[in-house]
Structures are given as structure tokens and as C-alpha cells.
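The values are calculated or read from the model by the stated rules, or taken from the named source; none is laboratory data. Keep in mind that what you see is a predicted model, and the values were worked out from it rather than measured. Please note: Cβ atoms are built from the backbone with ideal geometry, for glycine as well, and neighbour counts cover all protein chains shown.
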Amino acid sequence: MLNPRDLLTKLKEKWQNATQTNKIAIMLFGVASLVGLFYLTSFLMQTNYAPLFTNLEVQEAGVVTEKLTALNVDYRISDQGRTIEVPAEQVYQLRMQLASAGDLPGAGQGFELFDQTKMAQTDFEQQVVFSGVTRRIAAYYYRY
């Protein structure tokens, strides 16, 4: 087995005996390898983002981004400010964290509206309230 000093001298001899074309080809291959390695590592180190919330109103997006900033979480806004994306591995944890703090967008009144019934409420009024509730709940679940 060759020791490093002998290996270095053999490589130096081969380099000196190589033609100009071979030297250029070896250098180009080395540069291309380094550039390829750089782009590969930058691609692999890139953070994957996933939607935390979609179809948000501007006010809701503002509340969520303030909370994410306070939690020191990286986020991206896309879809003209209607979608907030966070690193993919943090999506579910952040949803639970925001839910426990009561900061979920669209978390307005749902079936709680039935607790505020009026005296002598007609069936029609009750159906109107129910349709409003179901629309809000459907819109809430459509966001996720």
C-alpha cells in the first residue's frame, strides 16, 4: 500500500505527463463536481413549507402572523395573503398551540348561537340561524 507521500508524487507525475486537453478536462470535471455538490447541498438544506391555514381573510391572517412572530416561527405568506405556510414538521404542533390559545381563524360562534334563542322564535328564524351556523362550520373546516 502506498503512503500519502508516494501517492502525491505519483499524482504529480501523472499531472505533468498529461496533455493540455486532459488537464482542461480534469479541471472542468472538478469545477462541475463542486458546483453540483453546492447546488445539491443547498437543495437538500431547503426548508419544506406546508399550509398552516388557507382561505384566510386579511384580519385573520394578521392575527395568525402576529402570533407566529411572537412564537418565533418562520412562515411564508402566499396566495395573495390568504395562505400562511410554516415548516412542514411544525404544522400540527402549531395548529394545536394556536387552538389552545384560542387564536384559530374563523373560530367565531357556531352552534352556540342556538343558546341565544329568542322567545317565540319561529321555525323559519331557527332554520335561518341553523343554515348560518352550518355555513360557518363548513367554512371553518374548509380552511384546513
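Worth pointing out:
- Among residues of segment 44-56 that are within 15 Å of Q80 (Cα to Cα) and of a type in the set (A, V, I, L, M, F, W, C), those with a Cβ under 8 angstrom from a residue that is part of a loop (DSSP other than H, G, I, E, B) and modelled with pLDDT under 85, sequence gap 6+ or separate chain, pair up as F53/P105; F53/R143; F53/Y144; L56/G81; L56/R82; L56/P105; L56/R143.
- Within segment 13-49, if we keep just the residues that are among the small types (G, A, S) and modelled with pLDDT under 90, the residue that is farthest from V73 (Cα to Cα) turns out to be A18.
- Residue, surrounded by the fewest Cβ atoms within 10 Å (Cβ to Cβ), within segment 36-57, restricted to residues that are touching a helix residue (DSSP H, G or I) at 6+ places or on another chain (Cβ under 9 Å) and β-branched (V, I, T): T47
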